[in-house]
Every structure is written in C-alpha cells, then in structure tokens.
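The structure under discussion appears below in the form of structure tokens.
The values are calculated or read from the model by the stated rules, or taken from the named source; none is laboratory data. Keep in mind that what you see is a predicted model, and the values were worked out from it rather than measured. Cβ placement follows ideal geometry from the backbone for every residue including glycine, while neighbour counts extend to all protein chains displayed.
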Amino acid sequence: MCYAIPGKLVEIKKNIGIVDYFGEKKNVLLDYGNAKVGDYIYAQGGILVNTISKREALEILETWKELFFELKKTDEKLAEIEASPSSKNLLAVLQEVNLNKTLTKDELLYLFALKGKNNLRLLYETANNIRQKTHGNACCVHGILEFSNVCENNCFYCGIRKERKLKRYRMGVSEIIDAAKYACGELGFKALVLQSGEDNWYTEDKLTTIVSAIRKLGVLVFLSIGQRNKTTYKRLYEAGSRAALLRFETSNKEIFETLRPGTTLASRLELIRYLKELGFILATGFISGLPGETSEDVINNILLTKSLKPDMHSFGPFIPAQDTPLKDHATIRPDEMLKTIAISRLIDKDSNILVTTALETLEKEAKRKALLAGANSLMINVTPKAYKNLYRIYDGRVDKDINKNIKETIAILRSLGRAPADLGL
Ligand code: SF4
C-alpha cells in the first residue's frame, strides 16, 4: 500500500510544477532535485519530495486507475448537502459562507453554540461540501514518530511534563533513522512527522543528522519538536525539513501563561510566524477545551489560527492526564471538536485540516466524523512498539498495532472516497 499516488510533471513555470493526477492538475513547489517535464514524481503538502521511475509509476498508477474515479464519485456523493435544518438563522449564516462573506464573531459564536441533530448535520455537511469543492477527494496521510517523551517544560495539561513521574525514553540518532527507514521503506509513508517533548539532549547537530538522513529517503520531513531556537529551525530547514507543527495552544494570554509556566504567548507566536517566513509548510492551531476557556476564546483561537496563514490547521482535544495539575478537569465533548473543525473549514476554505491521533481517544468514529466535517489530512502513529505506550501526553490513548491502524485507516478512506493524491499548493 502507498500513501501517495505519483503524478506526472507536465509543465514547469519557474519553481512551480504542474502535476497531472489522472487528468486533475495540482501545483507543486519544485523545491528539491532536478525534476523535468515528463518525470513521474511524488509530492506531499504541495512540495515535490521525490522522483520515481516511469516503470514503477505506471505500475502503481495502473492499480489506482479505476479505483481513483470510483473514489471520486463516492466522495462527491457523500459531499452532497441533504440535511434540512429547523433554523432559518443557520441557513442565513451558511448562505453568507457560500457568498464568500466574512462571518462576524457573533455569527461564529452562534455556530459554535449550535444544537440539534439536523442543525449540526447541516453544519458538518456544509463544511464537507466546501472541502470537496476546494480540495477534491485528496487526503494526505502522514506517519508520526514520537522519538522522545522527555520534556524540559511543565505545561499543566501535558502528560509528559517534566515533573510527572513517568518512565522516560529517548531514541538514539541511528534508532530514529532506522525507524524512519522502516516507516518510509517498508510501510510506504511519504511524509514523516518527527515528534518529541522539548528535549535539548537532541542538539542542533543531532537533529541535523537525523533530518538529513531521513530527507535522503525521498520523503517530507515534518518537525514537531516544540519551541526550539530560531537558529535550530533555520538549520533544520537547510538540512531538508520542510514542514513544522507548532500550536499556540490558546489565544488567551492569561490562560497560556498560567498553563505554560515560564513561557509567553508572544514568543510562541513570534516563532510560529518565523517558521512560516522560513518557508516551512506550517501546521498550527490550539488545544480545544482547555479549562477556563469560554466560547469566545474558542472563536478567538479559530481566528488566530487563520490569521497565522497555516497550510494546515491542527487541533488537539484537551484530554486530562493523571498526575498533572489538570487531571480532574473534564475532557472536551466530541461535538465541540467537530464544530471547531467545521467552523475552521467555513472560514478557511483553502487550508488543510488535520485529524489528530488524539481525536480517536475521544470517540471511536472520530476519524470518519472529522473527515465528514471538513478535515482532509490524517496521521498514523508509527512509533516503535517499545515506546508507543510511554508517550502518554493524555490518558486513555488508543494503542493500535501499526499495521492494524493502517488497514483500518485505509478502509475508512476508501469508504469515504478519499484518495492519497497530493493536495497541491
Ligand atoms: S506540552 Fe510540549 S512543551 Fe509542554 S510539557 Fe508537554 S511536551 Fe513539553
């Protein structure tokens, strides 16, 4: 199985390539290598990551040919709007979305407070319809490798915070590279997220070695290593990483500074903006449902995410972890997560929206529901078995065997008509 369909490079305009996927054209940044018109390529997140021989590409495309068009039909069918809401006000707000008008904060608050099966169904269906019209049935699937659960910080909401008594692990440099080789070579991932706590044991030199080696596998190297120095990120960009995930956690300065002692929202936002300036594919967002947040905070979070011009929105649901200061607080409700995803899709049509692995802990059907509420990107945990259970950022983490998880995810994508073609720029 592969998590990306190769495309044919049919035109080059400066550093932008036009790639054909069964007649559909997508733009990609020709950031790596010397691809020429006529080459078959893999792209991830709108960036060319590798070329592939014509023979191999044609073999893969042959297996996808019929399925690709079948999937498209299924997706188009599922993206039709069928719900009939009881609220005229809701219809009026959604009509403004269709007319590309900017929704006011009051309208966004109204959507977040929405209740009733039919009303919610219409909200999710509208978001899914926009996703389908804007992005087609493309859905990217990234692997995520959690390489260290050591962190020097003490965020109140986090299960791997420094003060928590927990069995800690750090994968060695060559161990990380070997795990990446397995995920990309054996399991077929074309994009790999490298995730850890803020662990300065991994010096710039160590991280650079890891990034360069994984980049050589011909995949997108995606960093999720927290608030490291600007110089570290710059060096890792130069070493070949091209995507970075850094959430701002909450737009409420007071809550941020209470829950993340010793850090400031301003410095976090400055770094996020810097990552975008450096040229990283930026994934950002917040933790949904942090204690103390009001509905207005949630809407501010959604708006702040959009203002950071992310390529990908990423929301982690708040799920309390034992032995942390927030252990007794309530977990976010699944419908609040789905509303957050749908509202984000309504106000940011072009961006991608990720279904985080944590969502599945909230609800078994979360992946499917989120993909039908506007999301179009997934991650699958590829951390080696020996460590996976130790990355306990929240309680009740779903621990699935990698191969079983891959199989289930592919079955969901097929049933929803989604194909692993690149989403383009
Ligand atoms: S949220 Fe991130 S920075 Fe904070 S304690 Fe957890 S891993 Fe560390």
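Miscellaneous remarks
- Search result, residues across segment 270-288 that are within 18 Å of the chain's Cα centre (by Cα) and farther than 20 Å from N376 by Cα: I272, R273, L275, K276, G279
- Looking only at residues in segment 121-165 that are among the aliphatic types (A, V, I, L, M) and closer than 26 Å to Y202 by Cα, the one that is nearest to the ligand (Cβ to nearest atom) is I160.
- Close Cβ contacts (under 8 Å, 6 or more residues apart or on different chains) running from residues in segment 290-308 that are assigned by TED's automatic domain parsing to the domain that holds I347 and buried (at least 19 other Cβ atoms within 10 Å of the Cβ) to residues that are modelled with pLDDT under 95 and of a type in the set (D, E, K, R) comprise V298/E336.
- Count of segment 202-247 residues, restricted to those that are over 25 Å from N153 (Cα atoms) and polar (S, T, N, Q), is 1.
- Index of the failed condition, G396 passing every other in (1) surrounded by 19 or more Cβ atoms within 10 Å (Cβ to Cβ); (2) outside any helix (DSSP H, G or I): (1)
- Residue within segment 363-384 that is within 22 Å of Y169 (Cβ to Cβ), in a helix (DSSP H, G or I) and modelled with pLDDT of 85 or more present: no
- Complete set of residues in segment 186-214 that are within 21 Å of the chain's Cα centre (by Cα) and hydroxyl-bearing (S, T, Y): S196
- Any hit, segment 265-276, residues being in contact (Cβ under 8 Å) with a residue 40 or more places away in the chain, touching a strand residue (DSSP E or B) at 6+ places or on another chain (Cβ under 9 Å) and surrounded by 22 or more Cβ atoms within 10 Å (Cβ to Cβ): yes
- Pair list, Cβ < 8 Å and 6+ apart or interchain, from segment 151-163 residues that are in contact (Cβ under 8 Å) with a residue 12 or more places away in the chain to residues that are among the small types (G, A, S) and near the ligand (Cβ under 6 Å from one of its atoms): C151/G197; C151/G226; E152/G197; N153/G197; N153/G226; I160/G197
- In segment 65-91, the residue that is surrounded by the most Cβ atoms within 10 Å (Cβ to Cβ) out of those that are under 26 Å from the mean Cα position of the chain (by Cα) and assigned to a loop (DSSP other than H, G, I, E, B) is A79.
- Single residue of V211, V219 found to be farther than 24 Å from M337 by Cα, modelled with pLDDT under 95 and not small (G, A, S): V219
- Selection status of G143, touching a residue at least 40 places away in the same chain (Cβ under 8 Å) and of a type outside the set (S, T, Y): yes
- Residues that are in a helix (DSSP H, G or I), surrounded by fewer than 13 Cβ atoms within 10 Å (Cβ to Cβ) and touching a residue at least 40 places away in the same chain (Cβ under 8 Å), drawn from segment 92-126: K105
- Qualifying residue in segment 343-359 (condition: surrounded by fewer than 21 Cβ atoms within 10 Å (Cβ to Cβ), free of Cβ contacts under 8 Å to residues at least 12 places away in the same chain and either out of contact with any Asp or Glu (no Cβ under 7 Å at 6 or more places or on another chain) or closer than 19 Å to R121 by Cα (or both)): no
- Within segment 33-61, residues that are more than 28 Å from A239 (Cβ to Cβ) reach partners that are in a helix (DSSP H, G or I) with beta carbons closer than 9 Å, at six or more positions or on different chains, in the pairs G38/K54; L61/F68.
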